[in-house]
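**Student:** I'd like to ask some things about the structure below.
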Amino acid sequence: MGEHIVVMPGDTQADMTRVVAFNDSALLLYNALRDRDFELDDAVSILTGEYEVAEDVARRDAEALLADMKKNNLLA
């Protein structure tokens, strides 16, 4: 498993100080949710549908991932 990154573009070029690394589950959520309105339950459903994980674990992980993405302005 490799690491996935997102480079946040600036006005005219990529700003390499704004690189965010994602693990596989974070990348899955980012790609699935970045261009749409969603609820926490949507993220939980994505995680439980992709991985063999209990709903409470998926909810805890989704809350942490989404909070971090929002903090870094990756999701609205």
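The values are calculated or read from the model by the stated rules, or taken from the named source; none is laboratory data. What you are looking at is a predicted structure, and each value in this text was computed from that prediction instead of being measured. Note: accessible area is taken over every heavy atom of the protein model, side chains too, but ligands, DNA and RNA are not part of it. Shrake-Rupley method; radii C 1.70, N 1.55, O 1.52, S 1.80 Å.
**Student:** For region 28-41, take each phi angle, set θ = phi - 60°, evaluate the Karplus expression 6.51 cos²θ - 1.76 cosθ + 1.60, and give the result in whole Hz per residue in order, putting x for glycine and proline.
**Tutor:** For region 28-41, the Karplus-derived couplings read 4, 5, 4, 5, 6, 10, 5, 10, 8, 6, 8, 10, 4, 4 Hz, x marking Gly and Pro.
**Student:** How much accessible surface does VAL6 have with a 1.4 Å probe, in Å² rounded to 10?
**Tutor:** Using a 1.4 Å probe on the heavy atoms, I get roughly 20 Å².
**Student:** Long-range amide H contacts for PHE22: which residues qualify at under 5 Å (H placed 1.01 Å from N, peptide plane, sequence gap of 5 or more or a different chain)?
**Tutor:** Under 5 Å from the amide H of PHE22 lie the amide H atoms of HIS4, ILE5, VAL6, each far enough along the sequence or on another chain.
**Student:** Ranked from the most accessible area to the least, with a 1.4 Å probe and all protein chains present, what is the order of ASP56, ASP61? Working shown, then result.
**Tutor:** Values: ASP56 110, ASP61 65 Å².
Ranking ASP56, ASP61 by accessible area, largest first, yields ASP56, ASP61.
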